[in-house]
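Colleague: Take this structure, written in structure tokens, and hold onto it; I'll ask about it next.
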Amino acid sequence: MIDIRNIGYSYPGSRKEVFTNFSLNIKGNSIYGLLGKNGTGKSTLLYLISGMLRLKYGKIEIDGEDAGRRNPDILRELFFVPEEFDLPSMTLDAYVRLNSPFYPHFDRKVLNRCLLDFELPLNLNLKELSMGQKKKVYMSFALAANTRMLLMDEPTNGMDIPSKSQFRKVVASNMSENRTVIISTHQVHDVEQLLDHIIMLDRSRILLNASVQDICERYSFECRMPGENSDDVIYAEPSLQGNNVIARRNSEKEDTMINLELLFNAATKNLLK
């Protein structure tokens, strides 16, 4: 669905490229987690996919179409929620009337359901909302747009703990078979229960590109006491309860819940082999 081939990009005035001959293929119908340290190009990649930034070289294609051309047929099937944004001083109804025609599959019922899940009233004046509330409204509109591709950059920034739980519920309940969601974040615990596939970046290097199912079939995420058998451990971190470890999984071990923070730390140390 999204084919990224040998791209290069640097910001104006900078000699240092964010991406150099970088390639990646993103298939459809999954929720992808795009992870990496600050400054490794996660947000830049989303802007390039959406066509809001221009490549220095290479190509990004969405369903065979050049993303940089911003073809209206592609744009009506793509919605990007940036980390920082503002909303105009108008009512929600006016905002919907103004913007929903750009998205042919927009569904007001989905919007209303998302707002209720976020515990927001249906009759809103956007200028009266806090930043956290604006983010909930904008994400609700994004889901109601029913685009096949949804890009989110740090969607849980600025949210309190109950709101992060609401976010996971709202995204999960509005995921359809033909939708691809890419979530760029460094707050991994906020989204690890949502993700189907993990992509870890270090600028032009891919540290990990695997489905959650494949990861959990290869590795076991456990807490072990000091002195326990460690022959199968490939990475460990001390904790108050003992040692949090990633171990090689064999057929006798039960599935465990993925620990993205532990996985990321192991990947950055090149221990996932």
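Colleague: Where nothing but the Cβ of Lys and Arg (+1) and of Asp and Glu (-1) is charged, how large is the charge dipole of the chain around its Cα centre, in debye to the nearest 20?
Modeller: 860 debye
Colleague: Taking neighbour Cβ counts within 10 Å as the exposure measure, how do K135, K273, K164 sort from fewest upward?
Modeller: Exposure proxy ranking, most exposed first: K273, K164, K135.
Colleague: Something else about it: Nearest 10 degrees is fine. How inclined is helix 131-144 to the longest principal axis of the chain, computing both from alpha carbons?
Modeller: 80 degrees
Colleague: For the chain, take the longest principal axis of its alpha carbons; what is the angle in degrees between that and the long axis of helix 108-117, to the nearest 10 within 0 to 90?
Modeller: 50 degrees
Colleague: Let me ask another. For the chain, treating each Cα as an identical point scatterer without solvent, what Debye log10 I(q)/I(0) comes out at q = 0.10, 0.11, 0.14 1/Å?
Modeller: So the normalised log intensities are -0.57, -0.69, -1.05.
Colleague: If you plug each phi of segment 266-271 into the Karplus form 6.51 cos²θ - 1.76 cosθ + 1.60 with θ = phi - 60°, what whole-Hz ³J(HN,Hα) values come out, in order, with x for Gly and Pro?
Modeller: 5, 5, 5, 9, 6, 9
Colleague: Another question, if that's okay. Rounded to a whole number of µm²/s, how large is the Stokes-Einstein D of segment 1-127 at 25 °C and 0.890 mPa s, given Rh as the Kirkwood radius over C-alpha pairs?
Modeller: 144 µm²/s
Colleague: Determine the equivalent ellipsoid of segment 213-268 by diagonalising the alpha-carbon gyration tensor, then write out the semi-axes as square roots of 5 times the eigenvalues, largest first, rounded to whole Å.
Modeller: 17, 14, 10
Colleague: Cα centroids of segment 158-216 and segment 1-45: how far apart, whole angstrom?
Modeller: Cα centres, segment 158-216 to segment 1-45: 16 Å.
Colleague: Now a separate question. Could you give the length gained on full extension between E128 and L116, defined as 0.36 nm per residue of separation minus the Cα-Cα distance, in nm?
Modeller: Length gained between E128 and L116: 2.5 nm.
No value in this document is a laboratory result; all are computed from the given coordinates. The structure displayed is predicted, hence computed values, not measured ones. Reconstructed Cβ throughout: ideal geometry from the backbone, glycine too, with neighbour counts over all protein chains shown.
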